[in-house]
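S.K.: Questions regarding the structure given below will be posed in turn.
The values are calculated or read from the model by the stated rules, or taken from the named source; none is laboratory data. Small disclaimer: the values here were computed from a predicted structure and weren't measured. So basically every Cβ, Gly included, is an ideal-geometry build from the backbone, and we count neighbours across all protein chains shown. The accessibility values were calculated without ligands, DNA or RNA, using every heavy atom of the protein model including side chains. Shrake-Rupley method; radii C 1.70, N 1.55, O 1.52, S 1.80 Å.
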Amino acid sequence: MTDERFPGATILPLHGKTPRIHDTAFVAPGSHIIGDVEIGPEASVWYNCVIRADVNRIVIGARTNVQDGTVIHCESPSPAHPEGFPTLIGDDVLIGHLAMAHGCVLEDRAFVGLGAIVMDGCRIGSDAMLGAGAMLTSGKTMAPRELWVGRPAKLVRELPDAAIADMRRGVEHYVENARHHAAALNGSAQA
């Protein structure tokens, strides 16, 4: 199924739940958004991402960007976890290319590096960064402003103000860049 607002993307209702995507969001061609998904204002989902909420829900906040090739999923309810693990992503979050977020919480302004993995029951605090290629194993919590790296990921240090400022600029860049891509896809001269 398609949505005329997002040509080339697959927007698929499942189990009576239809993805809810704000009119100002950008969804690139080749992306697949399935089931109980909510995407906020000025968020961007880049080329060839899969966001599949078939067994729980996924929320992506305002101005958050989900970069190319990323997979976001959630976990079903179970006897050990009656609510399962929805994936709840706040506002102004940066998710790098080919990352995976599964049944986790990414607080406002969190950063998930290129190719990083965030597993069930994890939480990344505000202004915290999971480095490129890192794997945050099930149930781990990163406090605000922490940098974790490695497989499995471990705390390295607190992020300085300059790193936080860079992440904020990254969010602004992706909001603007999404406008250019949307204009190019619509054949506008503003691209």
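S.K.: Would you mind listing the strands (runs of 3 or more DSSP E) fully within the stretch 42-131 where at least 3 residues are open to solvent by 20 Å² or more (accessible area, probe 1.4 Å) and without any contact (Cβ under 8 Å) to a residue 60 or more places away in the chain?
M.R.: Where strands (runs of 3 or more DSSP E) fall fully within the stretch 42-131 and carry at least 3 residues being open to solvent by 20 Å² or more (accessible area, probe 1.4 Å) and without any contact (Cβ under 8 Å) to a residue 60 or more places away in the chain, they are 50-60.
S.K.: Return the residue satisfying two criteria in turn: it lies in the stretch 51-90 and is of a type in the set (Ser, Thr, Tyr) and touching a Cys at 6+ places or on another chain (Cβ under 9 Å), and of such residues it is farthest from Val37 (Cα to Cα).
M.R.: Checking each candidate, the answer is Thr70.
S.K.: Separate question: Of Arg63, Arg145, Arg52, Arg123, which residue is among the basic types (Lys, Arg), modelled with pLDDT of 95 or more and under 18 Å from Tyr174 (Cα atoms)?
M.R.: Just a single option satisfies the conditions, and that option is Arg63.
S.K.: Every residue in the stretch 19-41 that is closer than 25 Å to His81 by Cα and either in contact with a Ser or Thr (Cβ under 6 Å, 6 or more places away or on another chain) or not in a strand (DSSP E or B) (or both), please.
M.R.: Within the stretch 19-41, Pro19 is the sole residue that qualifies.
S.K.: While we're on this one: Report, by residue number, each residue of the stretch 66-84 that is closer than 19 Å to Pro19 by Cβ and of a type in the set (A, V, I, L, M, F, W, C).
M.R.: Val66, Val71, Ile72, Cys74, listed by residue number.
S.K.: Under 9 Å by Cβ, and 6 or more places apart or on different chains, what pairs join a residue from the stretch 170-191 that is over 13 Å from Thr24 (Cβ atoms) and outside any loop (DSSP other than H, G, I, E, B) with one that is open to solvent by less than 40 Å² (accessible area, probe 1.4 Å) and at pLDDT below 95?
M.R.: Listed by first residue and then by second, the contacts come to Leu185/Phe6.
S.K.: Among the residues of the stretch 22-35, is there at least one that is open to solvent by less than 20 Å² (accessible area, probe 1.4 Å), farther than 18 Å from Val93 by Cα, touching a Lys or Arg at 6+ places or on another chain (Cβ under 6 Å) and not polar (S, T, N, Q)?
M.R.: Yes, because at least one residue in the stretch 22-35 is open to solvent by less than 20 Å² (accessible area, probe 1.4 Å), farther than 18 Å from Val93 by Cα, touching a Lys or Arg at 6+ places or on another chain (Cβ under 6 Å) and not polar (S, T, N, Q).
S.K.: Might you let me know whether the stretch 4-17 holds any residue that is within 24 Å of Leu185 (Cα to Cα), surrounded by fewer than 22 Cβ atoms within 10 Å (Cβ to Cβ) and free of Cβ contacts under 8 Å to residues at least 12 places away in the same chain?
M.R.: Yes, there is a match, as at least one residue in the stretch 4-17 is within 24 Å of Leu185 (Cα to Cα), surrounded by fewer than 22 Cβ atoms within 10 Å (Cβ to Cβ) and free of Cβ contacts under 8 Å to residues at least 12 places away in the same chain.
S.K.: If only one of Thr141, Thr137 is without any contact (Cβ under 8 Å) to a residue 24 or more places away in the chain, open to solvent by 60 Å² or more (accessible area, probe 1.4 Å) and β-branched (Val, Ile, Thr), which one is it?
M.R.: The conditions single out Thr141.
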